[in-house]
Amino acid sequence: QVQLVESGGGLVQPGGSLRLSCAASGTWFSINDMGWYRQAPGKQRELVAVITSGGSTNYADSVKGRFTVSRGNAKNTVYLQMNSLKPMDTAVYYCNAVLFNSQYWGQGTQVTVSS
């Protein structure tokens, strides 16, 4: 059973930066697709950014140019560097992994952008 553990959320002022981290455990296999989703109060969960093991990325239009997703040197880790944060980025951010057509989710980390 794959387990995902996120860290790095918190409270930041508009225009600030945060870096989220996610590490997967419970599998010997290299996970191809890893990424981040978010869910704001009263809204559906939405894709933020995903990255394959080969480095291909996909971003939501709302975060292009501000967020960067990357894979770590350690196996099955993924990061999300968030710059120029806006109040609209406030949400619970979830790490996601897809392995052998099964999806796995982290417990979520709160990101709040407010002055």
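The values are calculated or read from the model by the stated rules, or taken from the named source; none is laboratory data. These numbers were taken from a predicted model, which means no experiment stands behind them. Here the Cβ is made from the backbone with ideal geometry for all residues, glycine too, and neighbour counts use every protein chain on show. The accessibility values were calculated without ligands, DNA or RNA, using every heavy atom of the protein model including side chains. Shrake-Rupley method; radii C 1.70, N 1.55, O 1.52, S 1.80 Å.
Brief remarks on what is shown
- Residue within region 84-103 that is over 22 Å from Val12 (Cβ atoms), hydroxyl-bearing (Ser, Thr, Tyr) and either part of a strand (DSSP E or B) or touching a strand residue (DSSP E or B) at 6+ places or on another chain (Cβ under 8 Å) (or both) present: yes
- All positions within region 35-73 that are farther than 17 Å from Tyr104 by Cα, among the aliphatic types (A, V, I, L, M) and in a strand (DSSP E or B): Val69
- Look at region 42-59: where a residue is over 18 Å from Leu20 (Cβ atoms) and a partner is assigned to a strand (DSSP E or B) and small (Gly, Ala, Ser), sitting 6+ places away or on another chain with Cβ atoms under 9 Å, you get Lys43/Ala91; Gly55/Ser70.
- Residue match in region 79-91 (condition: within 16 Å of Leu4 (Cα to Cα), at pLDDT 95 or above and in contact with a Ser or Thr (Cβ under 9 Å, 6 or more places away or on another chain)): yes
- Within region 67-85, the set of residues being exposed (fewer than 13 other Cβ atoms within 10 Å of the Cβ) and touching a residue at least 24 places away in the same chain (Cβ under 8 Å) comprises just one member, Ala74.
- Residues located in region 4-17, provided they are open to solvent by 30 Å² or more (accessible area, probe 1.4 Å), touching a strand residue (DSSP E or B) at 6+ places or on another chain (Cβ under 7 Å) and either hydrophobic (A, V, I, L, M, F, W, C) or in a loop (DSSP other than H, G, I, E, B) (or both): Val5, Gly8, Gly9, Leu11, Pro14, Ser17
- Filtered residues of region 25-43 (kept if at pLDDT below 95 and touching a Gly at 6+ places or on another chain (Cβ under 9 Å)): Asn32
- Residue-level check: of (1) free of Cβ contacts under 8 Å to residues at least 24 places away in the same chain; (2) over 17 Å from Asn73 (Cα atoms), Trp28 misses just (2).
- Residues of region 29-47 that are under 14 Å from Ala97 (Cβ atoms) and of a type in the set (A, V, I, L, M, F, W, C): Phe29, Ile31, Met34, Trp36, Leu47.
- Filter pass, Val69 being more than 22 Å from Val5 (Cβ to Cβ) and under 15 Å from the mean Cα position of the chain (by Cα): no
- Those residues of region 18-66 which are open to solvent by 70 Å² or more (accessible area, probe 1.4 Å), more than 18 Å from Asp89 (Cα to Cα) and either touching a Lys or Arg at 6+ places or on another chain (Cβ under 8 Å) or hydrophobic (A, V, I, L, M, F, W, C) (or both), in sequence order: Trp28, Phe29, Ser30, Ser53
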